[in-house]
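So the structure is just underneath, and the comments pick up after that.
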Amino acid sequence: MAIKVSLYDRPISKGRRSLYLDIYPPIINQKTGKPTRREFLKLYIYEKPKTPIDKTHNKETLYLAESIRQKWENRLNKPEIYSEYEKEQLKKKELGSRCFVEYFEALKDKRKNATKDNWGAAFNYLKDFTGGSVKFADLNEKYLEEFKEYLLTVRSKRSEKTTLSNNSAASYFNKIKAALREAYKEGLLQTDLNSKIKPIKQAETRREHLTLEELNKLYKTPCNNPLLKRVALFSALTGLRFSDIQKMTWSELEYIKGNGYFLNFNQKKTKGVEVHPISDQAYQLTEGTDHPGDMPQESKVFEGLEYSAYQNKHLHQWIGAAGITKEITFHCFRHTFATLQLSNGSDIYTVSKMLGHKDLKTTQVYAKIVDEAKREAANRIKLDF
């Protein structure tokens, strides 16, 4: 005989009704060992709901009570059968038990080059903070705020004598936010935690760049890696990132008579489609024929270009040999392009488009550098007052 489980209510104090289950035939109470027909749910509804809040309370409570009733009936009659609600709860429990650290590592492994290095650094700090494991179900705003504070106070892995820089902490925390956003899209998180936590605010930093005089010195100075030299100068003349130069193929370049050379490509970082005019001098650095259409179209323009600490050593040696004492990284050649363009009168909107920036605010950083240079120049002329 099937056991029937029904949902009933009875009046209690303050105009409320207590919800309970009626079970027939009776079952044995596990605590008392005696037959029983009633199971009180410790849930109540309002007998006469007056406000929208009261009505919502009744609706949600009755839904929960009905889910409990169905669960009892399934368990007592057919343990292998689960309600849709129960199935959903089981699915959430299963997803919540997955490890966020492992998920983040999988996302990291999909990245390439410098981006992968940045994700890798963020992963190392996440692993240290979590001890190597944290369930999705255990992630909440408080936990993530604690991790944010950890990044702002932890010792740098590069130098135990100093804490992690503010901008590095901001960059690594942004990777965590990106992973949370992806996990929410995939249904691994039931709450959009990424939207609930604020990023670490980036501190404004000086973007080192070269003057035109310094750039000419570099052009005249030999480099142990001629390919790296050509690529660095190409970046300074075009404003392109290393990643975009590295993946560039001859099919992306074209020559239009009367208009010059153009680069048609998808930006690796922003995924934006760009038509980028480049100067004749920039094109000469590719060492291609006069017409890029004559070159093997699927081949890379700068074949053999790789990003590594070894290549960076050649870069630093070349810069030192030119007598330049600034801390110059490859990305500084992109900064150089932007700064020299603005210094020589190019308007900020054009420069922003050539850099592929989506937001003009990003380009305005370079305008501040130019303004500082103008102020320094103005203060060089002094009379004997």
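The values are calculated or read from the model by the stated rules, or taken from the named source; none is laboratory data. What you are looking at is a predicted structure, and each value in this text was computed from that prediction instead of being measured. Here the Cβ is made from the backbone with ideal geometry for all residues, glycine too, and neighbour counts use every protein chain on show.
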Inset, instruction - Evaluate segment 295-314: report whether one residue or more is surrounded by 13 or more Cβ atoms within 10 Å (Cβ to Cβ), under 18 Å from N224 (Cβ atoms) and touching a Cys at 6+ places or on another chain (Cβ under 8 Å). - result: yes
Legend entry - Sole residue being surrounded by 15 or more Cβ atoms within 10 Å (Cβ to Cβ), farther than 30 Å from G323 by Cα and either of a type in the set (G, A, S) or touching a residue at least 24 places away in the same chain (Cβ under 8 Å) (or both), chosen from L151, L210: L151
Inset, instruction - Inspect all residues belonging to segment 13-33 and state whether any of them is surrounded by fewer than 12 Cβ atoms within 10 Å (Cβ to Cβ), among the hydrophobic types (A, V, I, L, M, F, W, C) and touching a residue at least 40 places away in the same chain (Cβ under 8 Å). - result: no
Inset, instruction - Among the strands (runs of 3 or more DSSP E) lying completely within segment 1-79, list those that include at least 3 residues that are β-branched (V, I, T). - result: 16-28
Inset, instruction - Would you please list the contacts, defined by Cβ atoms under 8 Å and residues six or more apart or on different chains, that run from a residue in segment 232-261 that is under 11 Å from T286 (Cα atoms) to a residue that is of a type in the set (F, W, Y) and in a strand (DSSP E or B)? - result: M248/F265; L253/Y261; L253/F262
Inset, instruction - Scan (1) closer than 23 Å to A121 by Cβ; (2) touching a residue at least 24 places away in the same chain (Cβ under 8 Å) for the single condition L189 breaks and write down its number. - result: (1)
Legend entry - Selection within segment 112-165 - farther than 24 Å from S308 by Cβ, at pLDDT 90 or above, part of a helix (DSSP H, G or I) and among the aliphatic types (A, V, I, L, M): L126, L144, L151, L152
Legend entry - Lone unmet requirement of (1) over 29 Å from H331 (Cα atoms); (2) out of contact with any Lys or Arg (no Cβ under 7 Å at 6 or more places or on another chain); (3) surrounded by 13 or more Cβ atoms within 10 Å (Cβ to Cβ) for L188: (2)
Inset, instruction - Would you point out which residue out of L227, L305, L218 is in contact (Cβ under 8 Å) with a residue 40 or more places away in the chain and in contact with a Lys or Arg (Cβ under 9 Å, 6 or more places away or on another chain)? - result: L218
Legend entry - Meets criteria (surrounded by fewer than 17 Cβ atoms within 10 Å (Cβ to Cβ) and among the small types (G, A, S)) for A178: yes
Inset, instruction - Can you work out which of the residues in segment 51-77 that are of a type in the set (A, V, I, L, M, F, W, C) and under 42 Å from the mean Cα position of the chain (by Cα) is surrounded by the fewest Cβ atoms within 10 Å (Cβ to Cβ)? - result: I53
Inset, instruction - Need at least 2 residues that are modelled with pLDDT under 90, in contact with a strand residue (DSSP E or B) (Cβ under 8 Å, 6 or more places away or on another chain) and assigned by TED's automatic domain parsing to the domain that holds H335 per element, so show me which helices (runs of 4 or more DSSP H) inside segment 213-303 make the cut, counting only ones lying wholly within it. - result: 242-247
